[in-house]
Amino acid sequence: MIFTNSFKKTEIRLLIAITILALLFACTNEGERHVVPDDYMTPELRARVDQLKSDLASEATNESSIVERADLLADWIDAYAMAGGEVGIDAPRVRLQATLAPTGQQAVNQSRNVDQFIREFILRDEEGSLGLLTSDTLGPFVVSSMAELRQTWRVGTKPIVTGGGFWVARHFNANWGTFQTENPAAAGYVSISTDDDDAVFERETIMASGPHGGFRSPQPAITFRVVEGELDRGSSVTITYGDRSQGGSGIMTPTFESERMPLPLYVDLDGSSEWRSLPITPFEIVGGETTGVHGFAPSVVEPGESFELSVRAQDQYFNRATGDIPAFEVLLNNEIVATTNAGTSAITVMDLALNEPGVYWISIRSADGSITGEGNPILGRRESRVSYLLG
């Protein structure tokens with residue numbers, strides 16, 4: 001996507017907020033299908049949208065029409081999203097074309113984007129046109145481990161004709177291991193399979209940009225094109241990440257935990273290279289074994305007043321640890337003041353109090369001394385809350 005560079009600070013904040021909302025809408029539970037009401041628009045908006053569809057059929061968007069069309073398209077996208085529909089990460093930015101009117105070559109490029117999104121939401125308006133995406137391998141998977149994951153897409157009301165296919169994208173901030181299609185016996189092998197007998201895929205490379213491509217510049221990305229036959233309604237396609245069927249070791253999972261770790265997938269139904277984003281499958285990544293510990297407490301407390309100290313067991317990447325969590329001793333200025341119990345919970349919250357004013361240093365160690373850590377220093381100060389708040 002190409003957008004104007006003449007942003008003011010307020011427009012940049014608006015862009016960031018809209019993008020965050022789009023990412024939140026993009027993450028859905030496995031197998032969950034967005035069900036949009038029969039008519040999620042007001043009658044007035046529906047009439048304007050129908051006219052927009054008709055206008056696009058007769059004339060492409062241009063510099064004279066982009067502001068009006070982008071504004072209406074943004075209202076359409078908002079209504080669809082508020083009804084629970086999938087909008088992807090790029091569509092919400094259409095609003096910028098109405099607030100920051102492009103000119104010249106930018107108008108040409110951004111008009112093309114607007115028309116692409118109109119065609120996309122015509123498809124999204126037709127329930128089932130973009131099929132259904134599910135996964136039987138949601139996890140949990142341990143950080144920085146080798147795993148095999150799958151996403152299966154069932155063809156909906158629109159087939160994938162010859163020339164269409166799938167873009168196996170990556171989120172720029174999810175550090176999965178390398179994707180590759182050359183060596184099925186090596187790590188990171190990505191494969192595609194289908195139960196549609198007449199469909200044949202061929203691997204291609206596209207240059208992709210944005211959050212699901214090269215964030216600063218276009219980067220090579222994997223696509224699978226249908227070069228023979230087509231994918232008919234009801235057939236299914238499975239993308240396997242870290243395919244182990246031919247001796248591969250799997251794909252390396254990211255180094256940070258998440259309940260919704262993305263593996264973005266896009267579909268092109270008609271060979272136009274207009275990629276439609278499918279709902280993000282929420283793969284679960286959890287922390288590894290305990291290698292460290294940290295404490296969190298208020299920085300300033302009143303002597304004699306109870307306060308909470310959180311003891312957090314963490315793995316080598318500072319995620320919450322999983323598995324067996326050892327017991328810990330908590331020390332203030334090298335004096336043991338509390339202990340935690342061994343178990344499976346990475347976080348223990350305890351109540352403590354300081355007897356005297358002064359500076360207190362938190363240290364934490366496992367019962368056998370093999371794991372050690374610290375917490376933030378605490379200042380014990382006798383001062384009323386009112387005088388403290390007023391400075």
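Before moving on, here are some points about what is shown:
- Expressed as a fraction of 2.2 N^0.38 Å, the C-alpha radius of gyration for the range 224-342 is 1.79.
- Sites GLN180 and MET207 - FRET efficiency at Förster radius 22 Å, r taken between beta-carbons, to 0.05: 0.80
- ³J(HN,Hα), Karplus 6.51/-1.76/1.60, whole Hz, each residue of the range 115-125, x for Gly, Pro: 5, 4, 6, 4, 4, 5, 7, 5, 5, 5, 5
- Read-out mean projected area of the Cα convex hull in nm², derived from the coordinates shown; its label in [x] 29.2; [y] 25.6; [z] 18.4: [y]
- Listing VAL87, VAL311, VAL94 from fewest to most neighbouring C-beta atoms within 10 Å gives VAL87, VAL311, VAL94.
- For the pair ARG216 and GLU308, a Förster radius of 51 Å applied to the C-beta separation gives a FRET efficiency near 0.75, rounded to the nearest 0.05.
- Summarising the label geometry, the points placed 7 Å from Cα in the beta-carbon direction at ASP324 and GLU127 lie 5.3 nm from one another.
- On the beta carbon distance between GLU289 and ASN173, with R0 = 22 Å, the FRET formula returns roughly 0.35.
- Using θ = phi - 60° and Karplus 6.51 cos²θ - 1.76 cosθ + 1.60, couplings along the range 270-284 (whole Hz; Gly, Pro as x): 10, x, 7, 6, 8, 7, 9, 6, 9, x, 5, 7, x, 6, 9
- Residues with amide H under 5 Å from that of ALA367, placed H, sequence gap 5 or more: ALA327, GLU329
- Placed amide H near GLY164: partners under 5 Å, 5+ positions off or other chain: VAL226, GLY271
- Selected from LEU138, PHE117, LEU96, residue furthest toward positive end of dipole (the range 90-164; charges at beta carbon): LEU96
- Nearest-20 debye value, the chain charge dipole, Cβ charges on Lys, Arg, Asp, Glu: 1080 debye
- Alpha-carbon centroid distance for the pair the range 45-116 / the range 199-257, whole angstrom: 29 Å
- Sorted fewest first by neighbouring Cβ atoms within 10 angstrom, TYR317, TYR360 come out as TYR317, TYR360.
- Extension gain, VAL108 to MET350: 0.36 nm times the residue separation minus the Cα-Cα distance gives 81.0 nm.
- For the range 164-178, Karplus couplings with θ = phi - 60° (6.51, -1.76, 1.60), whole Hz, Gly/Pro x: x, x, 10, 9, 8, 8, 10, 7, 4, 9, 10, 7, 4, x, 4
- Relative contact order (%) - criterion: Cα under 8 Å, at least six apart; region: the chain: 14 percent
- Candidates ILE362, GLN316, THR339 compared by Cα position along the dipole of the chain: farthest toward the positive end lies ILE362, with charges placed on Cβ.
- For the chain, modelled as a GNM whose springs connect Cα atoms under 10 angstrom apart, the maximal fluctuation among GLY234, GLY85, GLY304 occurs at GLY304.
- Taking amide H as placed 1.01 Å from N in the peptide plane, the amide H of GLU204 sits under 5 Å from that of THR223, PHE224, ARG225, each at least 5 places away or on another chain.
- Of all the options GLY242, GLY373, GLY163, the one that moves most in a Gaussian network model of the chain with Cα springs shorter than 10 angstrom is GLY373.
- Contact order normalised by residue count of the range 292-390, Cα under 8 Å, 6+ apart, percent: 35 percent
- Most fluctuating residue given options GLY84, GLY188, GLY380, as computed from a GNM of the chain linking Cα atoms under 10 Å: GLY380
Here, each number is a calculation from the coordinates, and none is a lab measurement. If you're wondering where the values come from, they're calculated on a predicted model, not measured in any experiment. Ideal geometry is used to build each Cβ from the backbone, glycine not excepted, and the neighbour counts take in all protein chains shown.
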